[in-house]
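Notes for the one structure printed next.
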Amino acid sequence: MKTIMRQLVAATAILIGLAMVVACGGGQSGASADRIRIAVPQAPPTLDPADMTEGQMLFFAQTLFDSLVVVGPDGQIQPNIATEWSYNADHTSLTMTLRDDATFSDGTAVDAAAVVKALDHNREGTGTAHQQLLSVSDVSAVDPSTVRIDLKSGDPSLLYSLGTYGGFLVAPASVDAGTADTAPIGSGPYVLDTAQTVNGSSYVFSRHAGYWNQAAFPYDSVELKVIDTPDATLNALKSGQIDAMYGTEEASQDAKAAGLTVNVGSPALWNGYIIADRSGRQVPALGDERIRQAINYAIDRKGIVEQFYPESGIPTTQVFNPKSPAWDESLNAQYPYDPDKARALVKESGLGDVTVTIASFPRLLDRLQPIIEQELDAVGITVVWNSVAPSDYRSGLLGAPMYPMSMSSNLSPWTDIQNLLLPTATMNGMHSQTPELDRLLSAVQSATDDAELQSAYRAVNTYLVDQAWFVPIVAIKTMFFTADQVAVTMHDGQVVPDLRDIVPAG
Amino acid sequence: MTKYLVQRVLSGAALVFVLTSAIFFLVRGLGPNPAEYLAGDTATADQVSAIEEQIGVDRPLVAQYGDWFGHFIRGDLGSSWTGQGEVAQTISASFPITLSIAVGALAVALVLGFGIGTLAAARRGALDRFLQVLVIVGLALPGFWLALMLAQFFAVDLGWFPATGYTSFSESPVEWLRSITLPVIGLTVATVAAISQQVRNSVIEVSGQDFVRTLRARGLPTRSILLKHVLRNAAGAPLTVAALHFVTALSGAVAVERAFGLHGIGNKVQIASISGDAPTLMSIVALTVILVVLVNLATDVLLAWLNPKVRIS
């Protein structure tokens, strides 16, 4: 009896202890009106805008750095540090007038000399900014409030670049001291609060006191919490530990069921295949446009979207962004699912039994492989999958004759052209170039008004779809999950919204 | 004893050298290029080359490894190749998290495992059969799934514990306990099952030995025989299993840390593997090997103390 009593007392003591621990906990504090907590999937490898790469690093960049212009949610270029700008007649020189009340967080002025230094620093970096500013030949200060950017050749995406990584401004003092990667002095609305930041897991930013445009950023502080698993991130949002997160198709039903807001934007990615061996050097069949077209006819895009991307997918035959001037809705009807037509094209090619080699890369559209293999086999094209090791991304995957890709699509088609089409483009591993495409690209570069530019872009797009250099399957809409107390305006052509477009609800 | 300790230390050092070498050449030979990881998908070859030069991975592999190992034996773990700062800082921030949940899981597993196993062996009958079923269920439950279920129910639905994140003990002991409770449970279940099974079998086996019968014949209370004599003799195998499970918990922590968004060493190892960050990976592996060697050593000493018939040699 005594023993039983003793055990009961011990068990009760343990239960009371546990209850106290649970009760003493602060619980999940709701988002305070003065701090926004956003989940990011990885810690920033650097805080230097010159070395940052696109994606969710954008939140880090936008807290710390102001950009020369702002790309609005609808893609319109708006004034920011630069209040006015104008091109010369052939669009090879851009002159920008700067506002006079902007300062870096160390109190120094964001003047023309500082902007020149920051842009030169971005050009010399290793990140997205470097790529965005490849067309720039020189940046110079005309006077303390005027900057001139000279170009090697026309760059229709320059203003977009100056609204993102290419135009983020770090202070000359950080560049000179070589501390831009760890302790940058920025021009943006917030500064890194090192006392509250836990490197690698939570980055806290407090207001930059002298920032000229505080009203555009309603939160007094920003916390970027690194959570690298989608399940844990969603649990953090559901339980009130964070206020916003990047959303995915897989998690959207769960998020809706939990009462979260699922914000859906326009597509900013496409999934599909790149046919790089357009001259048939490695796989002769791919050099025949009828085979490339047959591949496009053989794929049941609608079926794939219904099965794998029911919420976020739009079947597409185009590599450009639906909100960009290159997009042409009629081109989406060019390759309906038509196995008979595909078979006829294979037969017409006279190549007999056609075999194509497609690279396969871990976690890159691998769930589509059985379907692609089956659908191509059905029209007389045998697929040989060539596994590429993770270490061999650049030479193995991007050097393959045909490979899967999940690719961003931008508001400025020139960015996509730089990534996909130019002879030096990363996704043009076999350096394809044709006189016809050169002529079309040249027309894009020399266009001086919007109508001319749109027409030139569409001509490029039509050429690509006709030639079937790519096998786009689905354009994927972006998703961003938020708690009740947060409102978001989604941003066309970006996987995440701008920081300034995440505000308190109501 | 001294010879034994020296042998253990030397074999541990050899293990560190062999494992870090193997990991380095595997990561650099077959893993991702850290420069490509940093440069992003659309970077040009020139950008990748510039980063390779910047972080020093353009040098011969042997030079890279020699450089790291030379610094490592002098206590300098170097810097991450993928911009995650000093490796020593990364480890000092992440090791306490993993140790908290691994040691917590071991402590809970030892208490529950010995309790359940002893009870099952002493009472037998329906209770024993019931506990056997629980053990099978416990062993069969995937740790990651269990962790997700715990997070959903106790953190998201009930709000009793945080769904993600870690609070250090020095910051708030109560919050520390709350932040590790669910991960510890996630890691503990399989270990409790294994230990209790071992304890049950060992207690039943030892209870049938002659010296126990003699003690009973001398009229010693059953409880005293069980706790003072049987359990002491039966503790060897379960403690060995517990030590093995502690080592497994360090690797199993990857799944649990992912489920609870914890930035422990499991998380760091995973990120370093994906990004090709060899210095971080090798340093964590080296320290884990040292920890495992120490745990095994401590287990041997404990076993010798519990049962003087076991001599350390």
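Residues checked against (1) in contact with a His (Cβ under 8 Å, 6 or more places away or on another chain); (2) of a type in the set (D, E, K, R); (3) surrounded by fewer than 23 Cβ atoms within 10 Å (Cβ to Cβ):
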{"residue": "A:A209", "(1), (2), (3)": "no, no, yes"}
{"residue": "A:T229", "(1), (2), (3)": "no, no, yes"}
{"residue": "A:N235", "(1), (2), (3)": "no, no, no"}
{"residue": "A:Y246", "(1), (2), (3)": "no, no, yes"}
{"residue": "A:A294", "(1), (2), (3)": "no, no, no"}
{"residue": "A:K302", "(1), (2), (3)": "no, yes, yes"}
Self-check item: Single residue of B:L227, B:L177, B:L231, B:L262 found to be over 30 Å from A:V198 (Cα atoms), within 14 Å of chain A (Cβ to nearest Cβ) and either among the hydrophobic types (A, V, I, L, M, F, W, C) or assigned to a loop (DSSP other than H, G, I, E, B) (or both)
Solution: B:L227
Exercise. Check whether at least one residue in region B:211-222 is in a helix (DSSP H, G or I), of a type in the set (D, E, K, R) and out of contact with any helix residue (DSSP H, G or I) (no Cβ under 7 Å at 6 or more places or on another chain), and report yes or no.
Key: yes
Practice problem: Determine whether A:S442 is of a type in the set (S, T, N, Q) and in a helix (DSSP H, G or I). | Solution: yes
Self-check item: Output for region B:95-131, where each listed residue is more than 22 Å from the chain's Cα centre (by Cα) and of a type in the set (A, V, I, L, M, F, W, C)
Solution: B:I116, B:L119, B:A120, B:A121, B:A122, B:A126, B:L127, B:F130, B:L131
Exercise. Just give me the residues in region B:126-135 being under 23 Å from B:T181 (Cα atoms) and either open to solvent by 70 Å² or more (accessible area, probe 1.4 Å) or of a type in the set (S, T, N, Q) (or both), in sequence order.
Key: B:L134
Self-check item: All positions within region A:410-462 that are surrounded by 20 or more Cβ atoms within 10 Å (Cβ to Cβ) and among the acidic types (D, E)
Solution: A:D416
Quiz item: From the residues in region A:378-407 that are touching a helix residue (DSSP H, G or I) at 6+ places or on another chain (Cβ under 8 Å) and facing chain B (nearest Cβ under 9 Å), which one is modelled with the highest pLDDT?
Solution: A:M407
Quiz item: Taking region A:153-175, which residues are aliphatic (A, V, I, L, M), in a helix (DSSP H, G or I) and open to solvent by less than 10 Å² (accessible area, probe 1.4 Å)?
Solution: A:L158, A:L162
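Rundown of residues vs (1) buried (at least 21 other Cβ atoms within 10 Å of the Cβ); (2) among the small types (G, A, S); (3) touching a His at 6+ places or on another chain (Cβ under 8 Å); (4) at pLDDT below 85, yes/no style:
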residue: B:I116; (1), (2), (3), (4): yes, no, no, no
residue: B:R124; (1), (2), (3), (4): no, no, no, yes
residue: B:A147; (1), (2), (3), (4): yes, yes, no, no
residue: B:V174; (1), (2), (3), (4): no, no, no, no
residue: B:L177; (1), (2), (3), (4): yes, no, no, no
Quiz item: Among the listed residues B:T248, B:T167, which satisfies the condition of being of a type in the set (S, T, Y) and either in a helix (DSSP H, G or I) or crowded, with 22+ Cβ neighbours inside 10 Å (or both)?
Solution: B:T248
Quiz item: Counting only residues that are within 24 Å of B:I73 (Cβ to Cβ) and open to solvent by 10 Å² or more (accessible area, probe 1.4 Å), which one in region B:266-278 is farthest from the other protein chains (Cβ to nearest Cβ)?
Solution: B:V269
Quiz prompt | Hey, B:A151 surrounded by 23 or more Cβ atoms within 10 Å (Cβ to Cβ), among the hydrophobic types (A, V, I, L, M, F, W, C), touching a helix residue (DSSP H, G or I) at 6+ places or on another chain (Cβ under 8 Å) and closer than 27 Å to A:S239 by Cβ or not | solution = yes
Practice problem: Specify which of the listed residues (A:P73, A:P44) is within 14 Å of another protein chain (Cβ to nearest Cβ) and either in contact (Cβ under 8 Å) with a residue 12 or more places away in the chain or surrounded by fewer than 20 Cβ atoms within 10 Å (Cβ to Cβ) (or both). | Solution: A:P44
Quiz prompt | Given (1) closer than 27 Å to A:Q445 by Cα; (2) assigned to a loop (DSSP other than H, G, I, E, B), number of the condition A:D100 does not satisfy | solution = (1)
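To keep it simple, each residue is scored yes or no on (1) more than 14 Å from chain A (Cβ to nearest Cβ); (2) in contact with a His (Cβ under 8 Å, 6 or more places away or on another chain); (3) free of Cβ contacts under 8 Å to residues at least 40 places away in the same chain; (4) in a helix (DSSP H, G or I).
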| residue | (1), (2), (3), (4) |
| --- | --- |
| B:T280 | no, no, no, yes |
| B:V285 | yes, no, no, yes |
| B:T288 | yes, no, yes, yes |
| B:V295 | yes, no, no, yes |
Quiz item: Taking helices (runs of 4 or more DSSP H) that fall entirely within region B:1-86, which contain at least 1 residues that are polar (S, T, N, Q) and within 14 Å of chain A (Cβ to nearest Cβ)?
Solution: B:45-55
Quiz item: In the list A:T478, A:T448, which residue meets the criterion of being more than 24 Å from A:R281 (Cα to Cα), touching a residue at least 40 places away in the same chain (Cβ under 8 Å), assigned to a strand (DSSP E or B) and not hydrophobic (A, V, I, L, M, F, W, C)?
Solution: A:T478
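The values are calculated or read from the model by the stated rules, or taken from the named source; none is laboratory data. Fair warning: this is a prediction, and the values are worked out from it, not measured in the lab. For neighbour counting, all protein chains shown are included, and Cβ atoms are generated from backbone atoms with ideal geometry for every residue, glycine included. For the accessible areas, the whole protein counts, side chains as well, though only heavy atoms, and no ligand, DNA or RNA atoms are used. Shrake-Rupley method; radii C 1.70, N 1.55, O 1.52, S 1.80 Å.
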